[in-house]
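The values are calculated or read from the model by the stated rules, or taken from the named source; none is laboratory data. If you're wondering where the values come from, they're calculated on a predicted model, not measured in any experiment. Cβ coordinates were reconstructed from backbone atoms using ideal geometry, including for glycine residues, and neighbour counts include every protein chain displayed.
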Amino acid sequence: MEDQRLSDRTRLKLVWPVAGFFVVIAFGVGLVSMAAFNARAGTVSSAASSEGDAVDVELGDLFIKPAMIHAPDGTVTFKVHNSGGTQHNFVIEGVDSTQMIDPDGTAELTVDLEPGSYQVICAVPGHADGGMRAQLMVGGDSSTVSSDVGSTSGGMQGMSAKEMVAHDAERTAMFPAKTKGRGGVPLAPKILSDGTKRFVLTADEVEWETEPGVVKQAMAYNGMIPGPEIRADLGDRVEIVLHNKLEEPTTLHLHGMTLPNKMDGVPAITQDAVMPGHSFTYRFTVRNSGSNMYHSHFHAVAQVPGGLLGAVIISDPNDPRVDVDYTMVLNDGPLGFTLNGKGFPATEPIVAEKGQLVRIRFMNEGLQIHPMHLHGLPQRVIAKDGHLLEHPYTADTVLVAPGERYDVLVRADALGIWAFHCHVLTHAEGPDGMFGMVTAMVVQ
């Protein structure tokens, strides 16, 4: 990932105009999405049914219906149906939870509740951040429903339209916000006597600031998320030395790379897991080019979303000449919805001079699909999973599934600040405005 710097003029332009630019978009999208949310999640809260103290709840992708749940105090049974396409669970924080519920499955949860307010979530990594949150109100008249339930929530609840715009603008004006730590910094190899390029990675627990004041417990290679960017050329002899300072085993899988079987990094199949305090060296000759990834392959459902991920880029003689080469690693899970380890407003803008050709390498290390949409500037898709396409195509939204990589070219031919975000809106906008997988391309 290239270290880009904003000009002083552009930095000044980003303080207020970008806020206004995003606010117009966010406010309009927000009004539409709230209307859709009301129709989908319901403005009428759930209460005990006439069959007894039972409450019906629906889980979907990614919502909990209704958004406001009412129940009497005492013993209550929740009948939970999963209408989504993936597993979810129903968690009353601090109380109890169901097991994972398969698509079209149903579960019941019986609990004793004291009067008060409780948070309800789905505990699958990334789902709560993506919108699977609700409020449970226990006690009082459960049949009474406020007229504004489900209309909005969180930071903008109870605000007038003007107050909502001001609240949203205040957050957007922080972009690009400073945080501690930067991921994807290029890793210089040590050149051995026989010409082998040796890269050293150390996996360890860290605290990682994803946006201003939001610090998460994470795992990282060399103290950064994503891990340092590894670059090599076709035919290079490469060593990657993995040191494990975690409190659990790990391995390293070079996703998309053509390797000898014993270097594939899968525990109990191609190697023994690397135990805490131990090391393992991966040795191979580079046989294929393109945008590839590296990540843990042990307890990967926790270690990869938790930060053990990075980019491996192998140059190709047929690569187009570009002015800016930018890697964008997508992730979701316990660190939230992130681009290169940060969530908006701490994401990094892509900066180019007018007329320059920009290459963007999308890499999805997350658990969910992310359609990446760039406003105003077409994306020319030139490669898929490290392979240059015989027939490139143009799109404004590029759908990147978990494990996939897409390379696109963008000609920076229109001045301005162009919004760039995942178009699953629950990955990009919440009650306080824009968050997560949002950045901008700045053409100056």
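Observations on the structure shown:
- Out of Val312, Val324, Val301, one residue alone is exposed (fewer than 15 other Cβ atoms within 10 Å of the Cβ) and of a type in the set (Val, Ile, Thr). It is Val301.
- The set of residues in region 250-263 being farther than 19 Å from Ser315 by Cβ and part of a strand (DSSP E or B) consists of Thr250, His253.
- Evaluating Arg405 against the criteria (1) touching an Asp or Glu at 6+ places or on another chain (Cβ under 8 Å); (2) free of Cβ contacts under 8 Å to residues at least 60 places away in the same chain; (3) basic (Lys, Arg) leaves one unmet condition, (2).
- Filtered residues of region 331-373 (kept if under 11 Å from the mean Cα position of the chain (by Cα) and among the β-branched types (Val, Ile, Thr)): Thr338, Ile369
- For region 374-413, the candidate set comprises residues that are crowded, with 18+ Cβ neighbours inside 10 Å and more than 18 Å from Asn318 (Cβ to Cβ); within that set, the residue that is farthest from the chain's Cα centre (by Cα) is Ala412.
- Summed over region 47-103, residues that are modelled with pLDDT under 90, of a type in the set (S, T, N, Q) and more than 16 Å from His127 (Cα to Cα) total 2.
- Qualifying residue in region 394-412 (condition: more than 21 Å from Ser291 (Cβ to Cβ), small (Gly, Ala, Ser) and in a strand (DSSP E or B)): no
- Residue that is nearest to Arg287 (Cα to Cα), among those in region 233-254 that are crowded, with 18+ Cβ neighbours inside 10 Å and of a type in the set (A, V, I, L, M): Val238
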